[in-house]
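Here's the structure, in structure tokens; my notes come after.
Bear in mind these aren't lab numbers, they're just calculated from the coordinates by the rules spelled out. If you're wondering where the values come from, they're calculated on a predicted model, not measured in any experiment. Glycine gets a Cβ as well: all are built from the backbone with ideal geometry, and neighbour counts include every protein chain shown.
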Amino acid sequence: MNLTRWSARLPGTQRRNAVPAARGKAGDPAADAASAEAATSAKPGDATPAADTAAGRDAGAASAAASGAADTGARPAAARACGAVTDDPSVTGVLSRLPALIAVTHGPAHRVAFVNDAYTEVFGARTTGGQARDALPELDELGLLPLMDQVHRSGKPRTVKARKVVGGDDHSPAKPGYFTFTCTPVRSADPDPERRGVLIFAADVTDQVHSAERLRESERRLHETAVTLQRSLLPQELEQPDDLRVAATYQPGGTDAAVGGDWYDVITLGAGRTAVVIGDVMGRGVRAAAVMGQLRTAVRAYARLDLPPHEVIQLLDGLASEIDATQIATCVYAVHDPSEGRLSYAIAGHPPILIRDPDGTVRKADEPTGPPLGTGGWIHSSGSAALGPGCTAVLYTDGLIERRGEDIDVGVDALTAALSGATGAPQVICDRLTRALGVTSEHDDDVAVLVLQHPDRTGGEAELFRNASLELLGGIEAAPRARAFASGVLASWRFPVELRDLGVLAASELVANSLKHGTPPMRLRLRRTDRRLIIEVTDGDDHLPRRRRAEPGDEAGRGISIIATVASSWGSRRTPGGGKAVWCEFALPD
């Protein structure tokens, strides 16, 4: 008989090819520890061919020992049928001393022929001669009897990994645990089914299973911490502009603990205009998250300057190089002006914006575009696309459309097809697009999607969103015309008298400032939403006003201070065609 599989397995030890049978040497139980190693490679209860595990190899050796002893002398029929395990003291002695649990059955009914000491220590005293269903009830509870039937019929060993053995009744062990069971055929070549048997070999893998569970739990906590960190760097609640409906979704990629660099934001600029931004810092980990957080903070600061999109991208490009020259980031920055019904944007190496018209047609806003942030040496420029009532724009990161082995244009086309049929609220569209593109919790890359929708308002809701404008022609007589125009419009909009008077005062001061410091063409524009009144004056001069302290003797310099005092907010910006716009807002009473 071959006992080499039970010998000590130390580094550098060479296995002997053969050992003369029946030497009676006691095996080293250290080999049985290897049988438990397979438990950490699969979930509890998985069934695999026994030859694939160390436990299966050791069970095969025990089976060989059991069947090898069957060739000695004359024995009773039952002993001959089960391999005569009990006839050879050297075999029973070795099997009894093994730390692994061993039981041997014979025949289709699986009559018990032998159980070793380790088996009885776990499951209690067991008698031989009876059927395993009655004599070894734990095998039935563990679902091993059907497996034993398969092994007996096929003659092929089978293994189930990490079966849980629990306490609570008379048949349960003193201490619960996990065991890997290997069922190996005995005398499988014998044509008589009563002479064939099954050797059950169970290795205790409780420590390995618990270690694997602790590792999985640790990885889960690390992943949750990483996702929490990532989400904390994103806006906790999106700003909701008056004229747009906005929603976003973020899906972290994979199950590892590394955070990604996807980010997005919505920033209200005043005068009804809204800035949206989405970006992706290449790579994963704390470094990518740190760069992402700094870029997002910088975007909010630059957006407050109310700069054109390409100037914001240009500033971010220089900042990205200063933060970390080894990190590359892509970005789209866009500004929506509801008065013009257009979306101005600048792209730095990012996938194109997709715009869905009310009839379902999808357009790509992808020109002009530039290299990613941090590359330097590129002069970025802005583009413009129509985004009127009923239109929906989608900004996204490459994780939504990029797949291994596919060109990225294939993903863009798939997203275009999905968006053409996507209707409903922005959050509904976000969910539909991620499902249509196959994004799940197991997705290997972070995904961020930002949807902005310009509603097509009708009926009573449309009465809450109105515009009126006046071209300021002539000289100083433009000021009284502007006051009369503002008074009439605000009265037709049925504003309270106090708000109407403040609006007329603000319009008068803005027009007077433009007449004194600006150049033609000049225009006064009044706009109302469901939440605020906006007054804006544009002219052809690009010098922006600033608030300053006027001395008691000064005859000028008080106009902007008056506006800042009476209005909720005010600001100014340069217009794309040259010139400037100065505006102020008043919050409407509830």
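Annotations for the structure displayed:
- Counting 0.36 nm for each residue step from GLU367 to SER420 and taking away their Cα separation leaves a gain of 17.0 nm.
- Note on THR326 and THR565: their simple-model spin labels are 5.7 nm apart, each label 7 Å out from Cα toward Cβ.
- Binned Cα-Cα distances of region 235-456, short to long, each 10 Å bin given as a whole percent: 8, 36, 39, 15, 1
- Put simply, when 302-311, 324-333, 216-225, 394-403 are sorted by average Cβ atoms within 10 angstrom per residue, most first, you get 394-403, 324-333, 302-311, 216-225.
- For LYS164, the aspartates and glutamates whose Cα comes closer than 15 Å to its Cα, not counting residues fewer than 8 places off in the same chain, are ASP46, GLU138, ASP140, GLU141, ASP204, ASP207, GLU213.
- Site pair ILE476 and ARG245 shows an inter-label distance of 5.2 nm when each label is modelled 7 Å from Cα along Cα→Cβ.
- Estimated distance in nm for a label pair at ALA125 and ALA189, the labels positioned 7 Å out from Cα along Cα-to-Cβ: 4.0 nm
- Theoretical gain in end-to-end length, GLU237 to GLU406 [0.36 nm per residue, Cα-Cα removed]: 57.4 nm
- When peptides 435-441, 521-527, 283-289 are sorted by average Cβ neighbour count within 10 Å, with the highest value leading, the order is 521-527, 283-289, 435-441.
- For GLY474, net neighbour charge (Lys/Arg +1, Asp/Glu -1) across residues whose Cβ lies under 15 Å away: +1
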